[in-house]
Amino acid sequence: MPEIMQKLNCPDCGGPLKVQAGDAIVTCGYCGSDINLAVGSKYFLRHSIIPPKIGPDSIDAIIKGWMGRGFLKPSDLTRKYKVMSKELQILPIFIVHAIAKSSYEGVLTRTGQPVEKKGVLEKEYYWKVLGRRASAFPTREYEVPLAAKTEFEISALVPGAKFLNSELGDEEAVNIAKQEIERHQKFLLEKELDEMSRLDTFIEIKDTEFLHVSAWFVTYEYRGKVYNLILDGATGEDIVAEIPQEEKKGLFGLFGG
Ligand SMILES: [Zn+2]
């Protein structure tokens, strides 16, 4: 377990704050206020939560249901799987609302005759940045179940869940979003142009929201191998789903992995 670094109290309610190494924004476990550790004062970012709906009492049934669903799974998976570990994490995510404008000049050569192209690619983004530096959580692919979003409240948490503070402040999160959006704009234009002679991207930040989402991190064993499963703690939908390959019978079985 990570050690508790400092003894600090919440400026709002006076309750002791649980601070772990690397935390940048600490959420008070008593009143739900957010504290910026760098300056020791309160954060005024809008803070929301997608309340977890799947607690320790219902996760086993959700996992079993997932094992039995779909055509791609081995037919004996439901009988043979064994859960090795399961943990409900409450994860911090920043959603950065931005408008990106990339003005570009380049050449299209793939059609034979080079054609000069120039213009502006303008796109609106709600870019997600995970507030943790090391996590197996696939933030880009994750679709936040926004319909369930409410204002952050400690009472929305499930007992036993692992609550994670953000290791990023909002400025750092916005900087990461800007870099990733810029790269994504470039990626989109490189699909359209064969050579780019000029690219200037300007990113306007409209708003940043701080959000906690929940996910069950599960590992299970099947025929001697261990697989990962990450399920949305609010909906039970799979976010990461490692599925065992059905063993090939006959000749291919000799060479197959
Ligand atoms: Zn407090």
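The values are calculated or read from the model by the stated rules, or taken from the named source; none is laboratory data. Computed from a predicted structure; not experimentally measured. Cβ coordinates were reconstructed from backbone atoms using ideal geometry, including for glycine residues, and neighbour counts include every protein chain displayed. Heavy atoms of the whole protein, side chains included, go into the accessibility calculation; ligands, DNA and RNA do not. Shrake-Rupley method; radii C 1.70, N 1.55, O 1.52, S 1.80 Å.
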Next on the checklist: Could you check the range 23-38 and list, in sequence order, the residues that are near the ligand (Cβ under 9 Å from one of its atoms) and of a type in the set (A, V, I, L, M, F, W, C)?
Outcome noted: Cys28, Cys31, Ile35
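Here's the yes/no breakdown for (1) open to solvent by less than 20 Å² (accessible area, probe 1.4 Å); (2) touching a residue at least 60 places away in the same chain (Cβ under 8 Å); (3) part of a strand (DSSP E or B):
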residue	(1), (2), (3)
Ala147	no, no, no
Pro159	no, yes, no
Ile176	no, no, no
Arg183	no, no, no
Asp200	no, yes, yes
Asp207	no, yes, yes
Ala215	yes, yes, yes
Val218	yes, yes, yes
Leu229	yes, yes, yes
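Yes or no, residue by residue, for (1) more than 15 Å from the chain's Cα centre (by Cα); (2) over 30 Å from Lys42 (Cα atoms); (3) not aliphatic (A, V, I, L, M); (4) not assigned by TED's automatic domain parsing to the domain that holds Ala100:
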{"residue": "Pro159", "(1), (2), (3), (4)": "yes, no, yes, no"}
{"residue": "Ile181", "(1), (2), (3), (4)": "yes, no, no, no"}
{"residue": "Trp216", "(1), (2), (3), (4)": "no, no, yes, no"}
{"residue": "Thr219", "(1), (2), (3), (4)": "yes, yes, yes, no"}
{"residue": "Leu231", "(1), (2), (3), (4)": "no, yes, no, no"}
{"residue": "Ala234", "(1), (2), (3), (4)": "no, no, no, no"}
Checklist outcome for this item: Here the residues within the range 155-193 that are under 17 Å from Val120 (Cα atoms) and of a type in the set (S, T, N, Q) are Gln185
Checklist outcome for this item: When every residue in the range 1-22 that is among the polar types (S, T, N, Q) and more than 9 Å from the ligand (Cβ to nearest atom) is compared, the one modelled with the lowest pLDDT is Gln6
Next on the checklist: Could you tell me how many of the residues in the range 112-145 are open to solvent by less than 100 Å² (accessible area, probe 1.4 Å), modelled with pLDDT of 90 or more and assigned to a strand (DSSP E or B)?
Outcome noted: 10
Checklist entry - Residue check: is Tyr142 without any contact (Cβ under 8 Å) to a residue 24 or more places away in the chain, under 30 Å from Lys80 (Cβ atoms) and among the aromatic types (Phe, Trp, Tyr)? => result no
Checklist outcome for this item: Scanning the range 185-198 for residues that are assigned to a helix (DSSP H, G or I) and open to solvent by less than 60 Å² (accessible area, probe 1.4 Å) gives Gln185, Leu188, Leu189
Next on the checklist: Tell me the residue from Leu164, Leu121 that is of a type in the set (A, V, I, L, M, F, W, C) and more than 20 Å from His47 (Cβ to Cβ), please.
Outcome noted: Leu121
